[in-house]
Amino acid sequence: MWNRTPNRAQPFAARGATVAGSVEEAVADADAIVVCLFDHQSVHTVLDPIAVRLSGRTVINLTTTTPNESRELATWAAEHGITYLDGAIMAVPEMIGGPGAAVFYSGSATAYEEQRTLRDLWGESSYFGSDAGMASLYDMAMLVGMYTMFAGFMHGAALVGSGGVSATEFAARQAPFLAAMTNGLAGYAATIDAKDYTGEGQQSLRFTEAALSSLMRASTEQGVNVEVLKPVYDIVRRQIAAGFGAQGTARIFEELRSTR
């Protein structure tokens, strides 16, 4: 193994890894090279100088990249005779190799099958086809939900914090509530796929606007910044202004979806 910051590799040496002195040394005898770096540009910075050495071998790139960046790397790999498999790690480092760890893949089906023994060490695998950008697309979509959830939690913690409640106490109540709310995702998904926002039992955009308005006022009254909440509020208000107030709240998907 090799790391751009050498001292970060040393703890693995104590666990049996062979630490290479250079990236050239690290890839010298490997049929498959696993790459996990900071970003798309860092992959090129490290691999471009050794591209000739990688010809005829497999690169499994687990670096977080956008779908188009993943596709660009797949094109680059093909131009250099490299078999390319893109991966998206759906876990924090401590989870790797344990329960709950998952990695999404797209790109070379041959590499996906041939490297089964290696990838099974990391977590549950899912393959999304030959388009190298699909694993990243799923990754980006899921991370949007994660980061906005975290931001929502921090807004809530700030809100109860204005009343002297600790973030720890709030988290103990918020976590099971959010877990319960995820049960509604399948219903929203069915509504979106059917494009039927007028069905029975849907919470209307007008109702949601009233709820969000209350949250905005409460936050302001408690001295809490509303920048996390306001974009959602604004989308709902635009949908109402466009004449959809009686339709279900899932209709905000229509404003968010790609129009390409």
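Checked against the criterion of being among the small types (Gly, Ala, Ser) and more than 23 Å from residue 105 (Cβ to Cβ), the candidates 14, 51, 26, 32 yield just one match: 14. I need the helices (runs of 4 or more DSSP H) fully contained in the range 1-95, keeping only those with at least 2 residues that are closer than 21 Å to residue 129 by Cα. Output list reads 67-79.
Among the residues making up the range 162-195, those that are surrounded by 10 or more Cβ atoms within 10 Å (Cβ to Cβ), over 22 Å from the mean Cα position of the chain (by Cα) and of a type in the set (Ser, Thr, Tyr) are 162, 166, 191.
Scanning the range 217-234 for residues that are farther than 17 Å from residue 144 by Cα and either free of Cβ contacts under 8 Å to residues at least 40 places away in the same chain or of a type outside the set (Gly, Ala, Ser) (or both) yields a total of 9. Looking across the range 216-260, the residues that are of a type in the set (Asp, Glu) and over 23 Å from residue 192 (Cβ atoms) come down to 221, 227.
Here's the yes/no breakdown for (1) surrounded by 15 or more Cβ atoms within 10 Å (Cβ to Cβ); (2) within 15 Å of the chain's Cα centre (by Cα):
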{"position": "130", "(1), (2)": "no, no"}
{"position": "134", "(1), (2)": "yes, yes"}
{"position": "149", "(1), (2)": "no, yes"}
{"position": "156", "(1), (2)": "yes, no"}
{"position": "160", "(1), (2)": "yes, no"}
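Can you find even one residue in the range 224-232 that is closer than 18 Å to residue 153 by Cβ, of a type outside the set (Lys, Arg) and outside any loop (DSSP other than H, G, I, E, B)? Yes: the range 224-232 contains one or more residues that are closer than 18 Å to residue 153 by Cβ, of a type outside the set (Lys, Arg) and outside any loop (DSSP other than H, G, I, E, B). Restricting the range 95-107 to residues that are under 14 Å from residue 62 (Cα atoms) and either outside the structural domain of residue 71 (by TED's automatic domain parsing) or not hydrophobic (A, V, I, L, M, F, W, C) (or both), the residue that is surrounded by the fewest Cβ atoms within 10 Å (Cβ to Cβ) is 105. Within the bounds of the range 196-214, is there any residue that is under 21 Å from the mean Cα position of the chain (by Cα) and either of a type in the set (Asp, Glu) or assigned to a loop (DSSP other than H, G, I, E, B) (or both)? Among the residues of the range 196-214, not one is under 21 Å from the mean Cα position of the chain (by Cα) and either of a type in the set (Asp, Glu) or assigned to a loop (DSSP other than H, G, I, E, B) (or both), which makes the answer no. Does at least one position in the range 126-135 carry a residue that is out of contact with any Phe, Trp or Tyr (no Cβ under 6 Å at 6 or more places or on another chain) and not in a loop (DSSP other than H, G, I, E, B)? Within the range 126-135, not a single residue is out of contact with any Phe, Trp or Tyr (no Cβ under 6 Å at 6 or more places or on another chain) and not in a loop (DSSP other than H, G, I, E, B).
Being touching a helix residue (DSSP H, G or I) at 6+ places or on another chain (Cβ under 8 Å) and of a type in the set (A, V, I, L, M, F, W, C) is the filter; apply it to the range 166-185 and report the residue that is farthest from residue 225 (Cα to Cα). So the residue we want is 178. Only residues that are in contact with a Phe, Trp or Tyr (Cβ under 9 Å, 6 or more places away or on another chain) and closer than 16 Å to residue 202 by Cα were counted in the range 169-186, giving 0.
The values are calculated or read from the model by the stated rules, or taken from the named source; none is laboratory data. Just so it is clear, the structure is predicted and the values come from calculations on it, not from any experiment. Positions of Cβ are generated from backbone atoms using ideal geometry, with glycine treated the same way; all protein chains shown enter the neighbour counts.
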